[in-house]
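Here is the structure we will look at, set down as structure tokens.
The values are calculated or read from the model by the stated rules, or taken from the named source; none is laboratory data. Remember, predicted model here, so these are calculated numbers, not experimental data. Note: ideal-geometry Cβ built from the backbone for every residue, glycine included; neighbour counts use all protein chains shown. Just so you know, the surface numbers come from the protein's heavy atoms only, side chains and all, with ligands and any DNA or RNA stripped out. Shrake-Rupley method; radii C 1.70, N 1.55, O 1.52, S 1.80 Å.
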Amino acid sequence: MRTIDDFTRPLEYLAPVDKHLGDIVRAWAEREVMPYRRQYDEDWEAHRLIEPAFRSLMGELGFQRMLFPEDVGGWGFGHSGYTATIACRAFEEIARADSGMAVAFGVLFWPLVMICNEPHVNRRLCEELAPMFCDTTAPCFAANAMTEPQGGADIENMEIVGGSTIETTAVLDGDEWVINGHKLWPTNSGGVADLFGVVCTTKAGSRDLDDFAFIFVPAKNPGCTQSGPYQKAGMAADKNGDIWFEDCRVPSWYRAHGPGLDAMYFKEVISFGNMGSTAFVVGALMNVYEILKDFCTEQTYRGKPLKENDDIAGVLADFARDIDICRILAYQCARMIDRPDLYGERWSDEIVAKGRGYKYFACDRAVEDLKKAMNIMGAHGSDRLWDVEKHWRDVKIVQLWMGGKQLCQMEVARWFYECETL
Amino acid sequence: MDYQELFPVPVEWLQDVDRSMARTVADWADAEVIAGRLEHKEDYDALLLPAMRKLLVDIGLQSMLWPEEMGGGGLGTPDAAMTLAAVIEQVGRADSGIAFVLANTFALQSAFAIEPYKNEALLEHMAPVVCGKDPVIASLILPSYSKDPDAAAFYGLPYQAAAKRDADGWLLSARDARPQCSGAGAYAFGVACAGESDEPMLVLVAPHLRGFSTGEPFKKTGLAASINADITMDGVRAADAQVLLQGTTRMRGMLAWYYTLCAAACSGALLATYDIIKEWGDTRVIKGKGQVFKENPLVASLLGEIGGKMAMGRLLTFNAARLLSAPNLYGPAGSPPVATAATAAFKLAARGAMEAMDNTMELMASAGYATEWNLERYWRDVKTLESCVLPETVAQTDLARHYFDLKEL
Ligand SMILES: Cc1cc2nc3c(=O)[nH]c(=O)nc-3n(C[C@H](O)[C@H](O)[C@H](O)COP(=O)(O)OP(=O)(O)OC[C@H]3O[C@@H](n4cnc5c(N)ncnc54)[C@H](O)[C@@H]3O)c2cc1C
């Protein structure tokens, strides 16, 4: 019998631990998430059901340690040469159960990419921050605070806007940064995160990327406050809210790297975001494949199972084709991040642009395919019992975040066609 | 907002009564729903039910097709299609779930309250309730997929209920049938099933009849106003007088009303979407504060798509309603050209609405996804409408059957 494991991945790219880790995450998802996920929408604020599942994956199974070097208590994946490929597998397995959870999990590592990944490990910060994640069995979250009220897309549009719209300021006062500003929407905000990676400017209005600063701020620091979570169309497992920094002080070495380097390595964060987004939608699509297969085998139309009707089979074929293609893309994207020796630096414009392309291709296909899946299912398509509508609601935001689809288009055009003003 | 100025429909088809009812309902939309939704979101008891009560009872929508002498509005002619399109569009602007409830209710009423199919006895029988003080809504149990490949079917799509001839009427049975709008105390159900010689028929069933049971309301993507629960019928007895219509043409006629009114619900959701994205596009600034959002050429290209789909959705809706309102010119509602046009109008209006809302959400990014901005509720509602009213491939086959004279499907 065909299963989701029959969707193609380039086998030669996979990490040696792929099967072992994948099996653990799949078993966890099937045991601790899938039986409960239908109630997550109502749990968006309290996370009474969601939190225990996080606790078990991140704290008890220890996945929150993945990226940190071994000698500070981590699993050392940041120098494994397979960081992205391993993450890709974990993300698709979690997203198969719940993409909101996959996002919350993935974003825990997002700011840490700045300091835990070779070749730019910041030893001092790793040592200082690792205990939060590695010396506990309680879940510990980080958040990547980029978006501001006046717009998230511009902040990511570094080539054109050059960080000039960032209003969160960091001023060096002795050996401390003093941070002031207002962020909104980061995954794992809304009261969840213990640590923020904050995109700041050291000179308001400057287009000089030397003034772009990425500074870590523990959530419990004085001057850092968070709102409760926003209510939204889906992704209940990912809380999002406002964060305010008012004269919030952190040690000067909490800046990830320094002038120029923060902006450069931040693009690697974007590359990881592109790979993660692609993997999230693949995971969701694979689960819908499973559901559709059952539904279209059981239910009949014109006296035969739905899947034996040529017109419905045509739609089902498109669905499976897109999963196969998007899954290959996700792993290709991961491979390009993992192998700078072959593909160039993962913070290069090329890798960022190609990743943006993969992300928006996969998201566009997923949004269209999930709409069609719901249409095929008729009166059951919008029924929560089948979970297809949940995936449809969840996946839509993957298409919208990280600057939105149009920013992806502009970056792809800029790179491939050497546009200069977009 | 003057929507006619923006997205015109042929005004010569609208009568004074259509315009004035649409205005009344537009005021209701602003005062009773839109004003309260920041606080109450989609709360059924706090917002939607009181609003529905006002609309159905106080404004008197639910009895508008009943003869005046019975206490109704006296609008039981095919012209009501235009009135209802104009009214349901405004309801949909406020809440597409309430609009969907109305589409179900009026589709059922179209089977017995509109000339030339007025059923005086039934109208009289129902008048005290429909023209009374409580909201009265109806639910349809239409053909859908089934696990039983041998179930009787309407053009291949199995009926959810089976009817067996009984001495003086019919015995109806169904297990966990999936209706529309059944859960919130629907007063009447229109049950589609195969009658004599497998002729389609629609039977009026009241939920208090013996053998009729309603399951727990289930959760769904959107349309919060249309609470829904599965239905089981164990030998529910229905007299011949409860058979509202018989034959393919009459069934397709009822469905043509249903699809047209669902298109109006989508059109209303699009008007609401317009208001939301207009405000966003006028005020948001991108590209380093240098560019008003809507003046960005890429953004403008999407705004153009969105506006075009809004205009087309409206035109399709009002054109389909016009076909229903003038059977002397276009033939009965159930005739193949009119019924097919209504199916096409709904499918294209719903798809266009969905595409426009998807694009709008792209342009609004997180704000579009946040409950606070309201777009996402219309987005969920319209998707629910698009998928649950009629499965896509079934609609495609219906259209192909008419346009290309299919013989086997
Ligand atoms: C569930 C969820 C999780 C999120 N997680 C995070 C997170 O972890 N960290 C974080 O910082 N933020 C996060 N966000 C915020 C998200 O990344 C932003 O919403 C996104 O970047 C867009 O920013 P914006 O909403 O401010 O919209 P804007 O920046 O105002 O952009 C709106 C739209 O304008 C258009 N646009 C913008 N720029 C251009 C251009 N140059 N050319 C053409 N069109 C353009 C696009 O259509 C875009 O979608 C999250 C949001 C959600 C809903």
Reciprocal mean inverse distance between Cα atoms of chain A - Kirkwood radius, Å: 21.7
Cα pair distances exceeding 19 angstrom across the range A:263-417, given as percent: 55
Estimated Rh, the protein assembly as shown: Kirkwood, alpha-carbon pairs, angstrom: 28.1
Pairwise FRET efficiency - A:GLN231 versus A:ASP175, Cβ, R0 = 41 Å, nearest 0.05: 0.50
³J(HN,Hα) computed for each position of the range B:83-98 - Karplus, 6.51 cos²θ - 1.76 cosθ + 1.60, integer Hz, glycine/proline x: 4, 5, 4, 5, 6, 5, 4, 5, 5, x, 4, 7, 7, 6, x, 5
Apportionment of accessible area to carbon and sulfur, the protein assembly as shown, percent (1.4 Å): 52
Calculated [θ] (222 nm, deg cm²/dmol) that DSSP helices of n ≥ 4 give over chain B, each run adding -39,500 (n - 2.57): -16000 deg cm²/dmol
Solvent exposure of the range A:174-255 as accessible area per residue, Å², 1.4 Å probe: 34
R0 of 30 Å, Cβ-Cβ distance A:ASP210-A:GLU42: FRET efficiency to nearest 0.05: 0.05
Out-of-range pairs (alpha-carbon distance over 20 Å; input A:LYS390/B:LYS278; A:LYS390/B:LYS294; B:LYS278/B:LYS309; B:LYS54/B:LYS278; B:LYS220/B:LYS309): A:LYS390/B:LYS278; A:LYS390/B:LYS294; B:LYS54/B:LYS278; B:LYS220/B:LYS309
For chain A, calculated [θ]222 nm from helices alone, where every DSSP H run of n ≥ 4 adds -39500 (n - 2.57): -14500 deg cm²/dmol
Cα→Cβ-extended label distance, 7 Å offset, between B:ALA241 and B:ASP198, nm: 3.2
Cα gyration tensor category, rounded, prolate or oblate, for the range A:143-261 with a/c compared to 1.5: oblate
Three-way shape call for the range B:351-409 based on the alpha-carbon gyration tensor, with the a/c threshold at 1.5: prolate
Threshold 40 Å² - residues in the range B:149-163 whose accessible area is reduced by that much or more when the chain is no longer isolated, probe 1.4 Å: B:PRO149, B:GLY156
At R0 = 25 Å, FRET efficiency that the Cβ-Cβ distance of A:GLU60 and A:GLU127 yields, to 0.05: 0.60
Cα pair distances of the range B:140-246 binned at 5 Å [whole percent]: 3, 13, 24, 26, 18, 11, 4, 1, 0
Cα→Cβ-extended label distance, 7 Å offset, between B:LEU409 and A:PHE416, nm: 3.4
Mean Cα-pair separation over length for chain A, i.e. relative contact order, pairs under 8 Å, 6 or more apart, %: 17
Degrees, to the nearest 10: B:120-130 long Cα axis against longest axis of chain B: 50
By accessible area with a 1.4 Å probe, ligands and nucleic acids excluded, highest first: order of A:HIS20, A:HIS257, A:HIS120: A:HIS20, A:HIS257, A:HIS120
Contact order relative to length of chain B, as percent, for alpha carbon pairs under 8 angstrom and 6 or more apart: 17
Chain A: angle of helix A:261-298 to the longest principal axis, Cα-based, in degrees nearest 10: 20
Radius of gyration and maximum dimension Dmax of the range A:4-140, Cα, Å: 15.1, 44
For B:SER139, residues with placed amide H under 5 Å, excluding near neighbours: B:ALA188, B:PHE189, B:GLY190
For A:PHE196, distant residues with modelled amide H under 5 Å away: A:ALA143, A:VAL217, A:ALA219
Partners for A:LYS239 among aspartates and glutamates (Cα-Cα distance below 18 Å; same-chain residues under 8 apart left out): A:ASP41, A:GLU42, A:ASP43, A:GLU45, A:GLU51, A:ASP98, A:GLU148, A:ASP194, A:ASP394, B:GLU372, B:GLU376
The range A:4-140, relative contact order in percent, only Cα pairs under 8 angstrom and at least six apart counted: 30
C-alpha long axis of helix B:16-28 to longest principal axis of chain B, angle in °: 70
Relative counts (whole %) of C-alpha pair distances in the range A:102-210, using bins that are 5 Å wide: 2, 11, 18, 21, 22, 16, 7, 2, 0
Residues whose placed amide H lies under 5 Å from that of A:ALA233, excluding near-sequence neighbours: B:THR371
Cα centroid separation - the range B:199-252 against the range A:237-262, whole Å: 58
At least 40 Å² of accessible area lost relative to the chain alone, listed for the range A:302-338 with a 1.4 Å probe: A:ARG302
Interface area, B with A, accessible, probe 1.4 Å, both sides summed, Å² nearest 100: 4400
Gyration tensor verdict on chain B (Cα atoms; rounded if a/c is under 1.5, prolate if a/b is larger than b/c, oblate otherwise): prolate
Vicinal HN-Hα couplings computed from phi for the range A:68-79 (Karplus, 6.51 cos²θ - 1.76 cosθ + 1.60; Hz; Gly/Pro x): 6, x, 4, 6, 10, x, x, 9, x, 5, x, 10
Probe 1.4 Å, accessible area per residue of the range B:3-135, Å²: 40
Residues in the range B:209-237 occluded by at least 10 Å² - accessible area, probe radius 1.4 Å, against chain by itself: B:PHE218, B:LYS219, B:LYS220, B:THR221
